[in-house]
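Below you will find the structure I want to go over with you.
Quick note: the coordinates plus some simple rules give every number you see, no bench work behind them. Since the model is a prediction, treat every value here as computed from it, not as a measurement. Here the Cβ positions follow ideal geometry from the backbone for every residue, glycine too, while neighbour counts run over all protein chains shown.
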Amino acid sequence: MRKMVSETFFVVVVVALVLGNSLLVSSESENNKVKIWPMPVSVSYGHSHLYLSNDFGLSTNYESGILNDAFDMMLAVIKLDHIIDANFSALHDSHLLQGLHVDISSPNDQLQYDIDESYKLMVPSSEKPAYAHLQAQTVYGALHGLQTFSQLCHFNFTSRVLEVHMSPWTIIDHPRFSYRGLLIDTSRHYLPLPVIKKVIDSMSYAKLNVLHWHIVDSQSFPLEIRSYPKLWDGAYSPSERYTVADAAEVVSYAQKRGINVLAEIDVPGHALSWGIGYPSLWPSKDCQQPLDVSSEFTFKVIDGILSDFSKIFKFKFVHLGGDEVNTRCWTTTPHISKWLKKHGMNESQAYQYFVLRAQNLALSHGYEIINWEETFNDFGNKLSRKTVVHNWLGGGVAQQVVASGLRCIVSNQDKWYLDHLDTTWQEFYANEPLTNITNLKQQKLVIGGEVCMWGETIDGSDIEQTIWPRAAAAAERLWTPYDKLAKNPREVTGRLAHFRCLLNQRGVAAAPLAGLGRAAPEGPGSCYEQ
Amino acid sequence: MRKMVSKAFLAVVVAVVVFGNAFAVSSEIENNKVKIWPMPASVSYGHTFLYLSNDFGLSTTYESGILNDAFNRMLVVIKLDHIIDANFSAVDHSPLLQGLHIVISSSNDQLHYGIDESYKLMVPSPEKPAYAHLEAQTVYGALHGLQTFSQLCHFNFTSRVLEVHMSPWTIIDQPRFSYRGLLIDTSRHYLPLPVIKKVIDSMSYSKLNVLHWHIVDSQSFPLEIPSYPKLWDGAYSPSERYTVADAAEVVSYAQKRGINILAEIDVPGHALSWGTGYPSLWPSKDCQQPLDVSNEFTFKVIDGILSDFSKIFKFKFVHLGGDEVNTSCWSTTPHISKWLKKHGMNESQAYQYFVLRAQNVALSHGYEIVNWEETFNDFGNKLSRKTVVHNWLGDGVAQQVVASGLRCIVSNQEKWYLDHLDTTWQEFYANEPLTNITNLKQQKLVIGGEVCMWGETIDGSDIELTIWPRAAAAAERLWTPYDKLAKNPREVTGRLSHFRCLLNQRGVAAAPLAGLGRTTPEGPGSCYEQ
């Protein structure tokens, strides 16, 4: 792998070449020079610059609107923050990059779990610029390559043109984990469609690939369910609702950006709002959750919801929740306690019965299942083998899950809950999903991780700055090879600050790095130092 | 004026009609029914609804891209938050609005101070829907009419179409004040272009019409000045700068939305960053502000800046600052103190000399001048009669300014400074620019008011929620006729919270009403109740 660096390091390069060794730039100098977030698997760069031609275009034989649209979006994004008003005829032809040639092996543009997301990006040397080259197995790998390319482009204040400096570049890249998630919560606060779309845009900048949509909870039921049309009576207000077409739009918008939407219903514990439209789902009017385990109607409604989901949410997984179930209402409500006795179940057996029955419904609609970790902690050996256990309570759970042969997603709340404002970006960065998991086969069962933006104090006014930049710190942990991750987060401060300023330049309200989550700037200063 | 209200009040209406009286709905009822912000001068409405046709279009003989663009933006904005997926053939027995017919009297599309911003909007009754009608003297009045129309449109969750309810509508409207400003500060923190553009978009939603751009201050000098190309060496970093083309883009973007840009250089006190590129502008290296009053070069640079300004910033006014001048460096620096003695000036006379000389430079470039109030407080009778005095220190100043025959803009800091987070929206709403000014001629000299978003703790991450919804409260004070303003802000809480939710639906991060400025939601709940 060729490594070329600017003059400062040129002597070193020469020495290295003389000694016939390949040059391994230390990660520290790479963090200072290469302002790409998340850091790719392998990067080599030079020390000259190329200008982007005024009609910089896409060249490809790949036929899918997704690539074209993504290229146009990339062009729009890199031109956002300054007006290009160069005199192109005055620039040397030789240094003009005419376009990007994109080569994609697979014609399939279906987005699915564990799709190949790798890409290879080459920006030529200034001697023969013409086209940059991007190769990928799938269009979604190419999308990541476009994101990387966008981060190589800078406005040159002298020539008033976009340029790629430090050319030539060769970047070979693929993600470390296949599941790189962000949770949003539209039950505690309704999030308007444009807000969700902007979150999706910003996720794509950080190469996250799963939007975990915690649609419904106790507080409100904002989504239309055609099978049970009174469910969204549980919305906060008539206008704080999503139609099926709105949800389909979210899925389609995300898919065009390489992002899967993981839909969740959180049963039986976080479902009080279901009973606004269908009160018989409550144990009683005075004791309104969890859902009535003794009622067949409960499972009919779950079946209806999952049937409707399967028409909209095409991701391989559905999330069935299962956390924080307080079963007291089941024993204090006479008809349920009678039912429990009749079936010889105690409360915890009924909880298990509920979760497993819901799992079977999801399986019958073709889904694999994600459940919060309490289901594993309580009856892990009974869970469907198609279950992915979603850790949240703390560290150490992933270890046990993968030891049992099940898959796991890591979201330990002490490190990856974005609503914990006192968790710093450094802690988000340092949280290692494979901690204490050494067996290779078991490591593969950790499919990834997710940062969670629970919505109790989050609405359209503060979601972006509470998510960013901390989610970006986790995004690098989930994307970049372990050996390239900074051992001390301090090493990447400058590069992350650069990324957060980039987000601001793209209109994303990413907060300063200094201070806790959602911190306002402490005083005047440069974006790059806050 | 006809007033029709929904069934609950029909009996009252009938009674009133029988008695032959004009029906005056109390402002309290209007605040509950009419969800328009700011409240128009005159509103009448009915109780039926109209759907917007799928190809709802613009019909006009007016030839200017501004109107077409504004209409198209309006269509995009009203379609942002839900997917329109009606079966129009199934709703064709319902009244369909085919489009909006716009008549504009003046063909001049130059935006200038004091332009006619009035409009009249009529949405027909369902018997003969066809077209809504908008009449205005100028295209900028029509733009306000489009904003009002956009607030009449709602997504109907049953038909899945946009509808105008409470038709027919007749709205006659014009602003109370001709200057309705918002200050942004790009010296304490650089604001990327997309962030400024989004602020401009949101201003247009609340009918503000002046963006006061406090470009430069002590901390940084982000703008390119071709006449003195080292000035922007005082930027925080090479990428935190605006080219002339960027500034021109801000002006043009704002103008297309009916918004003027008031550019400011704040001399001599808030100009330390000028000396980074030209150290001779400092009294000395150790004593760096105010600008060196004894140096002819100082005024040459001001002349160069204002000459460059006059090519970009076409607004009638330029802001020359003049506040918070600590002249101690002038007397402690030997060459300046010598110069003072030679010219027989003390420090405060030198301050006056500086301000008046800068005023003359501005006048020579065709500008009228805005200066902060200290200039008036210290030597008001010496100021150019073309000066508009910008109040900020406190109450009662406007009174004195207009009594002296000068014009005034009100921004008293205890009520209209957005960086004062402990000033609530109710206080923003209740701040009356004409307090204690009863003489009609003097009232006319108060050209308006401005809310100030000083940037010490403001960057791309928190600007929107610190501005909104409090700036909207002031926007109504500046737009709506005095007699229609709520005497108690509590009366408009529901309507303002509706507007803040509308901002969220349009992707603007307006904060909850409850609590202080830039507050986050206290807990789960409906947008309309927070």
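Pairs B:Lys33/B:Lys441; A:Lys314/B:Lys197; A:Lys300/A:Lys341; B:Lys207/B:Lys316: which exceed 26 Å Cα-Cα?
Violating the 26 Å limit, Cα to Cα: B:Lys33/B:Lys441; A:Lys314/B:Lys197.
For segment B:196-298, what percent of Cα pairs sit more than 16 Å apart?
That fraction is 60 percent.
Looking only at other chains, what is the average number of their beta-carbon atoms within 10 angstrom of each beta-carbon in A:463-472?
2
Could you name the aspartates and glutamates in cross-link range of A:Lys35, using Cα to Cα under 20 Å and dropping any fewer than eight places away on the same chain?
Cross-link targets: A:Glu7, A:Asp81, A:Glu163, A:Asp173, A:Asp201, A:Glu476, A:Asp483, A:Glu491, A:Glu529, B:Glu240.
Going by Cα centres, segment B:328-369 and segment B:69-89 are how many Å apart?
56
Next question. Mind checking the dipole of chain A: about its Cα centre, +1 per Lys or Arg Cβ, -1 per Asp or Glu Cβ, Debye to the nearest 20?
For chain A, the charge dipole is close to 980 debye.
To continue, here is another question. Which Cα, out of B:Ala430, B:Gln413, B:Gln400, lies furthest along the positive dipole direction of segment B:392-445 (beta carbon charges, K/R +1, D/E -1)?
B:Gln400
Return the Rg/Rh value of the protein assembly as shown, two decimal places, where both radii are evaluated on C-alpha atoms and Rh is the Kirkwood radius.
In the protein assembly as shown, Rg relative to Rh is 0.99.
On a C-alpha basis, how far is the centre of segment A:449-503 from the centre of segment B:146-193 in Å? Whole number, if you could?
Segment A:449-503 and segment B:146-193 have Cα centres separated by 34 Å.
If you count, for every residue in A:186-194, the Cβ atoms of partner chains within 10 Å of its Cβ, what is the mean?
For peptide A:186-194, the averaged partner shielding equals 5.
Tell me, what ³J(HN,Hα) does each residue in segment B:106-120 have, in order and in whole Hz, if you take phi through Karplus 6.51 cos²θ - 1.76 cosθ + 1.60 with θ = phi - 60° and put x for Gly and Pro?
Values, residue by residue: 9, 7, 6, 10, 6, 8, 9, 5, x, 4, 5, 10, 6, 7, 10 Hz.
While we're here: Starting from the amide H of A:Tyr242, placed 1.01 Å from N in the peptide plane, find each other amide H under 5 Å away whose residue is 5 or more places distant or on another chain.
Under 5 Å from the amide H of A:Tyr242 lie the amide H atoms of A:Leu223, A:Glu224, each far enough along the sequence or on another chain.
Here's another thing I want to ask about it. Collect residues whose amide H, placed 1.01 Å from N in the peptide plane, falls under 5 Å from the amide H of B:Asn260; neighbours closer than 5 in sequence don't count.
B:Val210, B:Leu211
Whole-Hz Karplus ³J(HN,Hα) for segment A:400-409, in order, using 6.51 cos²θ - 1.76 cosθ + 1.60 and θ = phi - 60°, x for Gly and Pro?
5, 4, 6, 5, 7, x, 8, 8, 9, 10
Return, in residue-number order, each cysteine of the protein assembly as shown whose C-beta is not under 4.7 Å from any other cysteine's C-beta.
By the Cβ distance rule, which asks for a partner under 4.7 Å, the isolated cysteines are A:Cys153, A:Cys408, A:Cys452, B:Cys153, B:Cys408, B:Cys452.
Which of B:Met203, B:Met345 comes first, and how do the rest follow, when ranked by fewest Cβ neighbours within 10 Å?
In increasing order of surrounding Cβ atoms, one gets B:Met345, B:Met203.
Moving on to the next point. Determine which residues of segment A:369-396 fall in the zone a paramagnetic label at A:Leu363 would reach in this model, i.e. backbone nitrogen under 17 Å from the point 7 Å along Cα→Cβ.
A:369-372, A:375-376, A:379-389
Here is a further query. At a threshold of 8 angstrom on Cα-Cα distance, excluding pairs fewer than six apart, so keeping six or more, what relative contact order does chain A reach in percent?
Contact order relative to length: 14 percent.
If you plug each phi of segment B:433-440 into the Karplus form 6.51 cos²θ - 1.76 cosθ + 1.60 with θ = phi - 60°, what whole-Hz ³J(HN,Hα) values come out, in order, with x for Gly and Pro?
Along segment B:433-440, the couplings run x, 9, 3, 6, 10, 9, 5, 4 Hz.
Where does segment A:291-437 land on Rg(C-alpha)/(2.2 N^0.38 Å)?
Expressed relative to 2.2 N^0.38 Å, the Cα Rg reads 1.17.
Now for a different question. Just checking the output field for A:516-529: average partner chain Cβ neighbours within 10 Å of each residue's Cβ?
6
Run through the DSSP bridge list for the protein assembly as shown and note the antiparallel percent, rounded to the nearest 5.
Taking every DSSP beta bridge within the protein assembly as shown, about 30 percent pair in antiparallel fashion.
Given the DSSP H assignment, sum -39500 (n - 2.57) over each helix run of at least 4 residues in the protein assembly as shown and divide by its residue total; what's the result at 222 nm in deg cm²/dmol, nearest 500?
When only DSSP H runs of four or more count, the value is -10000 deg cm²/dmol.
I've got another one for you. By count of other Cβ within 10 Å, fewest leading, how are B:Arg160, B:Arg500, B:Arg385 ordered?
Lowest count first: B:Arg385, B:Arg160, B:Arg500.
Considering only DSSP beta bridges where both residues belong to chain A, give the percentage that are antiparallel (nearest 5).
Around 30 percent antiparallel, to the nearest 5.
How do A:Lys386, B:Lys198 rank when sorted from fewest to most other Cβ atoms within 10 Å of their own Cβ?
Ordered by Cβ neighbours within 10 Å, fewest first: A:Lys386, B:Lys198.
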